[in-house]
Amino acid sequence: MTAVRGSVQFTDAGEAADLAAFLMRLLHYDRAAAVRVQVSGTTLAVFGRPPSFEVLAIRTARLAKPYEHGLDEVLDTTVSAGDLLEAIDERAATAVVPEAVTGPPWAGVLPPRGGWRPEPGLPAPRALTGLVAGVVAEFRTRSEELGEERRTRAELDRIGQDIWSRPVGDTDLPVRAAHAAHALGFLRAPAPRPEAAVPGRRTRADSPGGPDDRGGTGGPGSTGKGAGPGGRGSSAPGTPAAPDTPAAPGTSVAPGASGAAAAPGAPVPVTLLAAGAWLRLRTPYGSIAVRRTGAGTGMLSVTPA
């Protein structure tokens with residue numbers, strides 16, 4: 001790996017560890033995953049697209065100081081998720097930005113940075129997690145009922161399309177977005193980070209993929225892939241993320257920026273936001289964004305000002 005874009009300094013080791021955990025979850029579904037990285041001011045945002053979910057996952061981290069590499073004051077690049085993971089030094093709370101790679105098509109069509117407004121109809125957090133558990137169980141049951149001979153990829157895709165395309169509550173948000181949020185750890189109730197924890201050390205309970213990632217149901221109608229490179233573990237998000245859309249210098253943060261974490265064991269607060277053709281399920285630990293059904297694929301300007 002060749003470092004050509006300087007480095008970033010996180011506010012603390014926890015920010016670095018939480019970003020590493022997110023990257024591990026993406027790599028769990030796709031060992032060759034690429035991510036788009038944007039830094040503006042003291043907010044770093046990482047965009048990824050776990051296979052099968054058909055959503056954009058967004059995780060941010062707070063930086064101790066604005067990005068600066070020579071004359072470059074803004075960073076916007078697509079890199080290998082595995083390279084970025086390996087470049088994170090949790091003890092030093094730093095990361096060297098890897099060499100850019102040719103990005104997949106989705107990396108050129110990101111959600112807008114502003115203009116988000118609340119959307120009604122989203123179930124309460126506990127009901128939302130219950131909905132996810134219910135549809136995961138339904139997928140497993142319907143898959144098992146097919147029998148070995150009929151359990152083909154086409155049949156599994158048909159079942160998956162029926163289940164994951166359903167709306168969440170009285171919204172246009174598809175169930176697959178809520179499932180993705182759960183699988184990536186965004187809906188997990190917050191827990192305090194142990195004071196004696198060693199940076200980089202993670203527990204078996206915090207395995208990649210989330211609690212519903214068993215028996216090949218990590219993604220809608222698909223099997224999850226193995227853990228990422230290096231044998232590095234994964235942890236649930238430990239602290240609230242920074243605002244999940246990096247603001248351009250001199251502008252305000254997008255509506256719905258995350259605030260204080262909920263008490264340990266309490267439901268994670270979630271909000272549904274809309275901007276143009278996009279919907280965004282926002283939690284304190286990250287966001288899941290999708291385009292409304294039937295929306296075009298026109299390019300959106302995402303280059304930081």
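Derivation of every value follows stated rules applied to the coordinates shown; laboratory data play no part. In this text the structure is predicted, and so the values were computed from the model without any measurement. Positions of Cβ are generated from backbone atoms using ideal geometry, with glycine treated the same way; all protein chains shown enter the neighbour counts.
A protection proxy built from the mean count of other Cβ atoms within 10 Å ranks the segments 275-281, 150-156, most packed first, as 275-281, 150-156. Remark: region 41-178 carries a charge dipole of roughly 420 debye about the Cα centre, counting +1 on each Lys and Arg Cβ and -1 on each Asp and Glu Cβ. Would you please classify the overall shape of region 112-161 from the alpha carbon gyration tensor, given that a ≥ b ≥ c denote the square roots of the eigenvalues, rounded means a/c under 1.5, and beyond that prolate means a/b larger than b/c while oblate covers the rest? Because a/c hits 1.5 or more and a/b fails to exceed b/c, region 112-161 counts as oblate. Working ranking of peptides 74-82, 179-187 by packing, defined as the average number of other Cβ atoms within 10 Å per residue, highest first, is 179-187, 74-82. Under the classification rounded if a/c is under 1.5, otherwise prolate if a/b is larger than b/c and oblate if not, where does region 4-43 fall, given a ≥ b ≥ c as square roots of the Cα gyration tensor eigenvalues? Cα axes put region 4-43 in the oblate bin.
Assuming a ≥ b ≥ c are the square roots of the Cα gyration tensor eigenvalues, decide whether region 40-126 counts as rounded (a/c under 1.5), prolate (otherwise, with a/b larger than b/c) or oblate. Taking the square roots of the gyration eigenvalues as a ≥ b ≥ c, region 40-126 is prolate.
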